[in-house]
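*Asks:* Quick one: the structure is below, and I'll ask about it shortly.
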Amino acid sequence: MSALYDTARQTFADWGVDTEAAMARLAEVSISMHCWQGDDVVGFEAKTGASGGGIQATGNHPGRARTPAELRADLEFAYAQIPGSHRLNLHAMYMDTDATPDRDEIEVAHFAPWIDWATDQNLGLDFNPTFFAHAKADDNLTLSHPDQGIRDFWIEHGKRSREIASAMGAAQGNACVNNIWVPDGYKDIPVDRMAARSRLEASLDAMLVDAQPHMRDAVESKLFGIGVEACTVGSHEFYLGYAIRNKTLLCLDMGHFHPTENVADKLSAVALSLDEILLHVSRPMRWDSDHVILLNDDIFAMAQELVFADLLDRTRIGLDFFDATISRTAAWVIGTRNMQKALLRALLMPREELQTAEAALDYTKRLILTEEVKDLPASAIWQEFCDRHSVPTGLALSSALGDYDASVSGR
Ligand code: RNT
Ligand code: ZN
């Protein structure tokens with residue numbers, strides 16, 4: 001134990017905060033790191049192309065992972081810089097196989113190398129069907145397409161994704177979350193929103209009909225995407241209702257709301273009607289730009305709600321950002337660690353005192369406390385947490401990230 005930590009521990013103890021308990025709680029939180037930050041949302045299907053579906057990775061920093069082996073090497077490096085044990089969030093288009101299955105032909109065998117590797121690395125797995133970057137999604141309509149044949153194609157993709165997710169969950173011994181996000185929407189103002197939403201609902205019902213024991217379904221809403229400005233079929237209200245009726249998880253992506261909405265505020269509101277929540281922690285800048293998350297007020301507010309509302313046990317924390325202008329691995333490491341740092345800071349707050357002050361309408365005390373705790377030495381606790389988990393911080397982290405980035409720049 002360092003002298004720095006010992007002093008900080010005492011300072012927090014004076015505030016009634018147990019730093020050992022905070023670190024122990026943080027160590028239990030597994031974050032689902034998204035595979036798609038490693039290769040700019042391209043994937044490994046026998047095709048090339050942009051992400052499509054109204055989402056877009058921009059930039060040309062060297063080092064993008066071009067093969068599953070490169071992506072796994074990058075992930076191993078990234079996880080080694082992140083304290084704790086975490087999960088990997090795979091998209092269907094990241095299959096690892098010599099076969100060339102279309103989306104409606106995918107099987108668990110196409111993901112076997114990922115499952116073996118995750119088991120070996122002690123990583124949990126989550127999964128996502130990929131409803132974009134495909135000729136049958138070029139109209140930005142998939143599960144809500146007016147053509148029954150196109151809908152059936154995507155329903156089959158979704159069913160197979162759920163089977164794969166369940167196989168992953170069985171192999172890992174913990175439930176795999178299968179998150180459904182479809183790009184469906186209209187560039188200009190539609191005249192039959194009801195028809196589109198009814199078709200989406202019916203397609204989802206058909207997809208989810210089989211019981212899959214080792215996975216949980218999640219549905220992700222969105223406000224708009226590029227080329228889908230006028231109407232998104234799977235809007236927040238649509239999926240909130242769907243998740244409640246069908247007892248799925250609701251995925252709240254921080255970039256999928258109006259820019260001035262407080263996504264952290266939604267947690268306690270939806271948690272009263274849902275068993276579990278999935279987060280896509282992200283940083284929208286003016287739109288759903290998916291910037292790497294910073295240790296900023298939005299992330300801190302999210303972490304504080306998770307901790308103060310006792311939602312950590314029923315929230316799956318996933319990340320969703322992709323920046324191709326910087327090192328892909330540094331983006332993972334910095335973003336994931338920022339989520340952990342925000343959680344640690346929330347765990348280090350004098351929660352009971354704050355909540356008591358608010359219940360007594362003592363808003364002055366609440367303000368004094370929230371502002372004074374910002375000066376407490378949380379960074380010393382983070383340093384200790386990283387030391388105990390044998391991961392670097394500060395200058396050592398900076399050189400590790402720089403060295404790795406340089407080592408992959410020839411790709
Ligand atoms: C798109 C959604 C979705 C994707 C990933 C790749 O706006 O946020 O979660 O980012 O599925
Ligand atoms: Zn998302």
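*Asks:* In what sequence do 106, 82 fall when counting other Cβ within 10 Å, fewest first?
*Replies:* Details: 106 24, 82 21.
Exposure proxy ranking, most exposed first: 82, 106.
*Asks:* Loop only by DSSP, 13 or fewer other Cβ within 10 Å of the Cβ. Give me the trypsin sites (Lys or Arg not before Pro) in the range 271-379 that pass, ordered by residue number. Intermediate results must be reported in sequence, preceding the final value.
*Replies:* Working: sites: 286, 314, 316, 328, 337, 341, 345, 351, 365, 366, 374; in loops: 286.
Qualifying residues, ordered by number: 286.
*Asks:* In addition: Per the Kirkwood formula on distinct C-alpha pairs, the Rh of the range 1-158 is how many angstrom? The partial results should precede the final answer.
*Replies:* Working: mean 1/r = 0.0544 Å⁻¹.
It works out to 18.4 Å.
*Asks:* Going by alpha carbons, how many degrees (0 to 90, nearest 10) lie between the helix axis of 68-80 and the longest principal axis of the chain?
*Replies:* Taking the Cα atoms of the chain, the angle to 68-80 is about 20 degrees.
*Asks:* I've got another one for you. Along the range 302-310, what does the Karplus equation 6.51 cos²θ - 1.76 cosθ + 1.60 (θ = phi - 60°) give for ³J(HN,Hα), rounded to whole Hz, x for Gly and Pro?
*Replies:* 4, 4, 5, 5, 4, 6, 5, 9, 6
*Asks:* Hey, which lysines would be in cross-link range of residue 159, C-alpha to C-alpha under 26 Å, not counting anything within fewer than 8 residues on its own chain?
*Replies:* Qualifying lysines at Cα under 26 Å: 47, 136, 222, 247.
*Asks:* Need the full-extension length gain, residue 70 to residue 362, defined as separation in residues times 0.36 nm minus the C-alpha distance. One decimal, nm. Mind showing how you got there, number by number?
*Replies:* Values: separation 292, 0.36 × 292 = 105.12 nm, distance 5.49 nm.
Full extension of this stretch gives 99.6 nm more.
*Asks:* I've got another one for you. Please turn the phi angles of the range 136-146 into ³J(HN,Hα) values with the Karplus equation 6.51 cos²θ - 1.76 cosθ + 1.60 (θ = phi - 60°), one per residue in order, whole Hz, x for glycine and proline.
*Replies:* Per-residue couplings from phi come out as 7, 10, 5, 7, 6, 9, 10, 5, 10, 4, x Hz.
*Asks:* Moving on. In the range 286-319, which residues have a backbone nitrogen under 17 Å from the label point lying 7 Å from residue 261's Cα in the Cα-to-Cβ direction?
*Replies:* 286-290, 298-299, 302
*Asks:* Normalised by the number of residues in the chain, what is the relative contact order in percent for Cα pairs under 8 Å and 6+ residues apart?
*Replies:* On the way: 724 pairs, mean separation 84.8, N = 411.
Contact order relative to length: 21 percent.
*Asks:* At 0.36 nm per residue, and after removing the present C-alpha to C-alpha distance, how many nm does the segment from residue 46 to residue 147 gain when stretched out fully? Write down the numbers at each step before the final one.
*Replies:* Working: separation 101, 0.36 × 101 = 36.36 nm, distance 2.56 nm.
So the extension gain works out to 33.8 nm.
*Asks:* How far, in nm, would the chain grow between residue 272 and residue 98 when pulled straight, counting 0.36 nm per residue and subtracting the alpha carbon separation?
*Replies:* Details: separation 174, 0.36 × 174 = 62.64 nm, distance 4.57 nm.
Extending this stretch completely gives an extra 58.1 nm.
*Asks:* To continue, here is another question. Using each residue's phi in the range 52-67, evaluate 6.51 cos²θ - 1.76 cosθ + 1.60 at θ = phi - 60° and report the 3J(HN,Hα) Karplus result to the nearest Hz, with x for Gly and Pro.
*Replies:* x, x, x, 10, 7, 8, 10, x, 9, 4, x, x, 4, 6, 9, 9
*Asks:* Summing +1 for each Lys or Arg and -1 for each Asp or Glu, what net charge is found among the other residues whose Cβ lies under 12 Å from the Cβ of residue 118? Walk me through the numbers before you get to the answer.
*Replies:* Numbers: positive: 72, 87; negative: 76, 96, 116, 120, 126.
Within the 12 Å Cβ shell, the charges total -3.
*Asks:* Rounding to the nearest 10 and keeping the result within 0 to 90°, find how far the Cα-based axis of helix 193-207 lies from the longest principal axis of the chain.
*Replies:* 80
Laboratory data are not the source of any read-out in this text; all were calculated from the coordinates shown. Since the model is a prediction, treat every value here as computed from it, not as a measurement. Positions of Cβ are generated from backbone atoms using ideal geometry, with glycine treated the same way; all protein chains shown enter the neighbour counts.
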